[in-house]
Each structure stands twice: as structure tokens, then as C-alpha cells.
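Inspection log for the structure reproduced underneath, given as C-alpha cells.
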Amino acid sequence: MRLSPKTPRTITSRPEFLAELQRVRRQGYAENRGESEPGMCSVAAPIRDPLGQVVASVSVAEQVESVDAGLRHLVAPIVETAARISSGLGWNR
């Protein structure tokens, strides 16, 4: 697996990528802080079907002045929205 950098913040090593996947699974959402495009940040959370399989996601992206700050203020609303949609699809934790 070859990971090509799009910005200086792009994850390009397999160990770093796998560690990021573990972190995302553990916390229940993903963040992108300038990894795909300079100054662009996003937050995403999974939407699950009745069996708990991820079938979609909800996300928000925004151009920001500081990628270090990211979109932390939107994490809770995004995770809550994904949970509500998942619940509507029959997923209950």
C-alpha cells in the first residue's frame, strides 16, 4: 500500500495509518485536519444499520484559519446526528 502525500500533514506510513484507524474506531469519529487540502478540516461519524454495520456516514467540512484547532466544536453534534440516524435505521447499541 502506497500512500501519497497531498499536504505535509497527510499520513503516508502504513503503521501511522493503522494507528489512525484504531484511534478512529475507539473514539467513534474521524477528523481530517489539513491532511487532504491545506486549511480544510472535516469531522465524520458512521451511520450503522440494525446489525451494526457501517452503511454511510455524516460529515461536515470547512475551510479554517487554524487546522490545529480543527472542528472540535462540531464533533458532538456530528456524532449525535449519526447516532440518531443509526437509531432510526434500527441500530441500538
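Values in this text are rule-based calculations from the coordinates and carry no lab data. No experiment lies behind these values; they were computed from the predicted model shown. Cβ coordinates were reconstructed from backbone atoms using ideal geometry, including for glycine residues, and neighbour counts include every protein chain displayed.
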query: Among all residue pairs at least 6 apart or on different chains, which show Cβ distances below 8 Å where the first residue, located in segment 1-22, is surrounded by 10 or more Cβ atoms within 10 Å (Cβ to Cβ) and the second is of a type in the set (Lys, Arg)?
result: LEU3/ARG14; ARG9/ARG33
field: Members of segment 1-36 that are farther than 26 Å from GLN63 by Cβ and part of a loop (DSSP other than H, G, I, E, B)
entry: MET1, ARG2, SER13
task: Could you grab me the full set of residues in segment 64-93 that are within 26 Å of GLU35 (Cα to Cα) and part of a loop (DSSP other than H, G, I, E, B)?
output: VAL64, GLU65, SER66, VAL67, ASP68, ALA69, GLY70, LEU71
